[in-house]
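**Q** Below you'll find the structure I mean.
The values are calculated or read from the model by the stated rules, or taken from the named source; none is laboratory data. These numbers were taken from a predicted model, which means no experiment stands behind them. Every residue, glycine as well, gets a Cβ built from its backbone with ideal geometry; the counts of neighbours run over all protein chains shown.
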Amino acid sequence: MALACLDAAVIRVPKDHNSIQEAINAAAPGDRIEVAPGVYNESITLKKEVTLRSVGNDERGSRGLFRAEKTVIDGKDLGNVSGVTMAEGAILDGFTITRFGKYDSEEWERHWTERGENQSYEHIGKFGAPAIAIVGVSCQVKNNIVSHNGDTGIGNIGADGLTSFPLIINNTCFRNMGGGIGSMKRAGGIISKNKCFENFYAGIGHNGASPIVENNICYNNVRAGIGISNAASPIVKKNHCYKNRRAGIGIRSGEETKPLIEQNECNENGMAGIGVEKQAAPTIRNNNCHSNLMAGIGSRGGSSPLITGNHCHKNKAAGIGINSATPKIIDNLSEKNHLAGIGISGDSDAYVFKNRLIENRLVAIGVPDGAKAHVQDNIMIRSGGMPPMVAVLGKSEVILMSNSIQGGGVAGILLDGKLTAIGNKIEGNNRGSGIAARKDSHLKIGDNEISNYQKEINDSGATIITIDAPKDVEE
């Protein structure tokens, strides 16, 4: 390897060769090709361990590095082909890659207006002809500007039993007719410090791939900022996803889809900050989800996430919203959301433990339509408002143990279902009832401390059974 480095050549375009591909063809492993500013109308295929770099320093321009803005690989009139195909050990550093395939501005605008609701899923997960193609190799793709292409900006896929493992760093990917960066089928690698915006699908997408995705910025994409599906299990950490038309981070399709979603900021997205559906089973921890148009974190469609240590605040719906899912919701702070702190509905069975639910506008916890929940050791506080603190409605079944409930309007707990309430401290504002149980509801109570209500319990024809609180078992 040392001899190869000593023998390495520097090849210049257009000084030594008129085209980039001619220079690549003449290069040997370890050689460096330097490309002067200009427009190069060609599709290129790199060779093993060859570096392709634009001429210049790392001065910033308006979209990326100034040298990348001035050195353009242009696919005009070349058809639906990739602009750059990477090779093992190759480096692509500092180019604009544009107009490979058809960029359709009318189609982009239509789906932006429709929030991606009518997009076909057929394209998602298919490799196609990305502007930069990484197929079963380890390489570096850095400092590039990838825009207005007819497919994914940077595509990363395994091949022939090989796992690709690229470093994709400091690229700007926007207005591509696929995702900004897409990883598929056994792709790994590191995707870091990229900016992906206004892409037709996700800013960064995963389909059966598990790279490390960290410190990226994804905004104003037609679908999610970061999308994860079909047995993809990436580590997604410290990314900022905002103002995307759908979720900030969207996770779906199968119980083998088990990503780690950690320390991300997701705000002002058109759906949930983080959304989980279709049997996915992620770990979602220590994220900051705020000011989204739906829930801060949403789980539905048979998904089973672990949701822990997150801060969900000022969302237009619930802080954490559950619909027909089986989550574990542990040690989150959900505050100042427009609806519930935690909402649980549909065919759900949720475990809710040690959360802090503070000053949510509607209820701290709402279980409205037949769901099941075990709710224990949570703190719920609201200083004003008419709604109850906990609502168990629509024949839902809830076990409520050892919670601290402070505030509430008409009731601390409103019941129209089945409730077992043991060892809770329920403190009101000198109005309403500690527990208001509607006709035909079923209430089992024991060892609750109810204070500062006009009535402790208002049964209205409910079935009430007093039980002894469970005692600690001595060894």
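**Q** Here is a check on your reading of the model: is G408 in the same structural domain as S433 (by TED's automatic domain parsing), more than 27 Å from G446 (Cα to Cα) and outside any strand (DSSP E or B)?
**A** no
**Q** If E268 satisfies all but one of (1) more than 23 Å from A90 (Cα to Cα); (2) crowded, with 21+ Cβ neighbours inside 10 Å; (3) touching a strand residue (DSSP E or B) at 6+ places or on another chain (Cβ under 8 Å), what's the number of the condition it fails?
**A** (2)
**Q** May I pose another question? From the set of residues in the range 302-327 that are under 14 Å from I358 (Cβ atoms) and among the small types (G, A, S), which is surrounded by the fewest Cβ atoms within 10 Å (Cβ to Cβ)?
**A** Among those that are under 14 Å from I358 (Cβ atoms) and among the small types (G, A, S), it is A318.
**Q** From N143, N149, grab the single residue that is touching a Leu at 6+ places or on another chain (Cβ under 8 Å) and in contact (Cβ under 8 Å) with a residue 24 or more places away in the chain.
**A** N143
**Q** Continuing with the same structure: Just give me the residues in the range 5-25 being over 17 Å from F95 (Cα atoms) and in contact with an Asp or Glu (Cβ under 8 Å, 6 or more places away or on another chain), in sequence order.
**A** A8, A9, V10
**Q** Hey, any hits in the range 135-152 for a residue that's of a type outside the set (A, V, I, L, M), out of contact with any Cys (no Cβ under 6 Å at 6 or more places or on another chain) and at pLDDT below 95?
**A** No, because not a single residue in the range 135-152 is of a type outside the set (A, V, I, L, M), out of contact with any Cys (no Cβ under 6 Å at 6 or more places or on another chain) and at pLDDT below 95.
**Q** If I filter the range 210-224 down to residues being in a loop (DSSP other than H, G, I, E, B) and touching a His at 6+ places or on another chain (Cβ under 8 Å), which single residue comes out as surrounded by the most Cβ atoms within 10 Å (Cβ to Cβ)?
**A** Top of the filtered list is N216.
**Q** Continuing with the same structure: Of all residues in the range 88-128, which are surrounded by fewer than 21 Cβ atoms within 10 Å (Cβ to Cβ), small (G, A, S) and either within 23 Å of M184 (Cα to Cα) or touching a Cys at 6+ places or on another chain (Cβ under 6 Å) (or both)?
**A** G89, G116, S120, G125, G128, listed by residue number.
**Q** Right, next: Does the range 143-163 hold any residues that are small (G, A, S) and in contact with a helix residue (DSSP H, G or I) (Cβ under 8 Å, 6 or more places away or on another chain), and which are they?
**A** Answer for the range 143-163, where residues must be small (G, A, S) and in contact with a helix residue (DSSP H, G or I) (Cβ under 8 Å, 6 or more places away or on another chain): there is none.
**Q** Continuing with this model, one more query. Of the residues G89, G79, G101, only one is farther than 15 Å from P130 by Cα, assigned to a loop (DSSP other than H, G, I, E, B) and either assigned by TED's automatic domain parsing to the domain that holds A129 or in contact with a helix residue (DSSP H, G or I) (Cβ under 7 Å, 6 or more places away or on another chain) (or both); which?
**A** Among G89, G79, G101, only G89 is farther than 15 Å from P130 by Cα, assigned to a loop (DSSP other than H, G, I, E, B) and either assigned by TED's automatic domain parsing to the domain that holds A129 or in contact with a helix residue (DSSP H, G or I) (Cβ under 7 Å, 6 or more places away or on another chain) (or both).
**Q** Got a number for residues in the range 397-431 being surrounded by fewer than 24 Cβ atoms within 10 Å (Cβ to Cβ) and either in contact with a helix residue (DSSP H, G or I) (Cβ under 6 Å, 6 or more places away or on another chain) or polar (S, T, N, Q) (or both)?
**A** Number of matching residues: 6.
**Q** Within the range 225-235, is even one residue buried (at least 21 other Cβ atoms within 10 Å of the Cβ), β-branched (V, I, T) and closer than 20 Å to K126 by Cα?
**A** For the range 225-235, residues buried (at least 21 other Cβ atoms within 10 Å of the Cβ), β-branched (V, I, T) and closer than 20 Å to K126 by Cα: present.
**Q** Looking at the range 50-76 only, could you name the residues that are closer than 24 Å to F127 by Cα, acidic (D, E) and either touching a residue at least 40 places away in the same chain (Cβ under 8 Å) or part of a loop (DSSP other than H, G, I, E, B) (or both)?
**A** Listed by number, the list is empty, since nothing qualifies.
**Q** From R110, R115, R67, R60, which residue is basic (K, R) and at positive phi?
**A** Being basic (K, R) and at positive phi holds for just one of R110, R115, R67, R60, which is R115.
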